[in-house]
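Read-outs throughout are calculated quantities, based only on the coordinates presented, and are distinct from any laboratory measurement. Not measured: the values here are computed from a predicted model. A quick note on method: Cβ atoms are made from the backbone with ideal geometry, for glycine too, and the neighbour counts reach across all protein chains shown.
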């Protein structure tokens, strides 16, 4: 097994449907520009409230990906 290095970034995904969809949106959007995604960890969940009603779910996601070694 070779040594590896990983970076962790924080993303905030949103959804009008659920926290699960919000987290999924964050990961799927990041996967379009980052390779070798490894682990997604939910750090915090919250909701946007307008006029006493929930209008959006937000998930703060810590996402790790592997750095590629340059030759």
inquiry  = For the pair residue 39/residue 5, report the inter-label distance in nm, with labels modelled 7 Å from Cα in the Cβ direction.
reply    = 1.9
message = Tell me the relative contact order for region 16-71 as a rounded percent, counting alpha carbon contacts under 8 Å between residues six or more apart.
response = 42
